[in-house]
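The values are calculated or read from the model by the stated rules, or taken from the named source; none is laboratory data. In this text the structure is predicted, and so the values were computed from the model without any measurement. We place every Cβ from the backbone using ideal geometry, glycine too, and count neighbours over all the protein chains shown. We work out accessible area using only protein heavy atoms, side chains counted, and drop any ligands, DNA or RNA first. Shrake-Rupley method; radii C 1.70, N 1.55, O 1.52, S 1.80 Å.
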Amino acid sequence: QLAVGLVDVGLPLINGLVTFDLEPGELLVEQLRWQFAEGRIRAAPFTVGSAQMGFSTTLEAERLQLDEIFALAQLEGLSGEGTVHGTLPITVSGAEAVIEGGELVSDGPGWVRYRPDQAPAALQAGGENVNLLLQALENFRYEQLRLTIDGRTDGEMDVGLHIAGA
């Protein structure tokens, strides 16, 4: 077993625990778990070969705090309340980590607020429909929320927000 205080691959993972076996030419990871966004992330078992410094696995996320996730987006004025769970298929190669087809869904109702001092230029030029959307997001109480995630954890990432509520 190996305990790790912090690993930051674009996402700050703390208080990690890795249970593994060393075999000739490979590392067999039986258990990998971290605290993230005040919740937990666990990995499905995976193998890392000595000829490569990469692996793929699926992370299972439980009770991640929405406000902690939104803080990572570094989008001024975005906040939220609630917890989410889901899966994050991840491939790590060297120092690069990529999530493809990640999905986090709400554990229950909560809220999303987007109140920037000034909306980004792309949104300001969006017309009446975008203005209505921005007004709705000033205090949106959701019943269901889903985040879709694709991209590098330390770089450009596409995040989709799907919400139902009022």
Taking region 108-138 on its own, how many of its residues are within 19 Å of T83 (Cβ to Cβ) and either surrounded by fewer than 16 Cβ atoms within 10 Å (Cβ to Cβ) or basic (K, R) (or both)?
3
Which numbered condition L27 misses (of (1) of a type in the set (A, V, I, L, M, F, W, C); (2) out of contact with any Leu (no Cβ under 8 Å at 6 or more places or on another chain); (3) within 30 Å of Y142 (Cα to Cα)):
(3)
Can you pull out the residues in region 57-101 that are modelled with pLDDT under 90 and in a strand (DSSP E or B)?
V92, S93, E96, A97
Filter region 102-132 down to the residues that are within 20 Å of T148 (Cβ to Cβ), charged (D, E, K, R) and assigned to a loop (DSSP other than H, G, I, E, B) and list them by number.
D107
Restricting the search to region 97-143, which residues are touching a Pro at 6+ places or on another chain (Cβ under 9 Å) and of a type in the set (F, W, Y)?
Y142
Identify, by number, the condition in (1) at positive phi; (2) open to solvent by 50 Å² or more (accessible area, probe 1.4 Å) that Q35 doesn't meet.
(1)
Has region 50-63 got any residue that is more than 21 Å from P89 (Cβ to Cβ) and exposed (fewer than 12 other Cβ atoms within 10 Å of the Cβ)?
yes
Region 139-157, residues that are acidic (D, E) and open to solvent by 90 Å² or more (accessible area, probe 1.4 Å)
E143, E156
Pair list, Cβ < 6 Å and 6+ apart or interchain, from region 120-131 residues that are within 16 Å of G77 (Cα to Cα) to residues that are in a helix (DSSP H, G or I) and β-branched (V, I, T)
L123/V130
Residue pairs, Cβ under 9 Å, 6 or more apart or interchain, first in region 9-22 and on the phi > 0 side of the Ramachandran plot and in a strand (DSSP E or B), second small (G, A, S) and exposed (fewer than 14 other Cβ atoms within 10 Å of the Cβ). List them.
N15/A3; N15/G5
Out of (1) touching a residue at least 12 places away in the same chain (Cβ under 8 Å); (2) open to solvent by 80 Å² or more (accessible area, probe 1.4 Å); (3) in contact with a Gly (Cβ under 7 Å, 6 or more places away or on another chain), the odd one out for D67 is which?
(2)
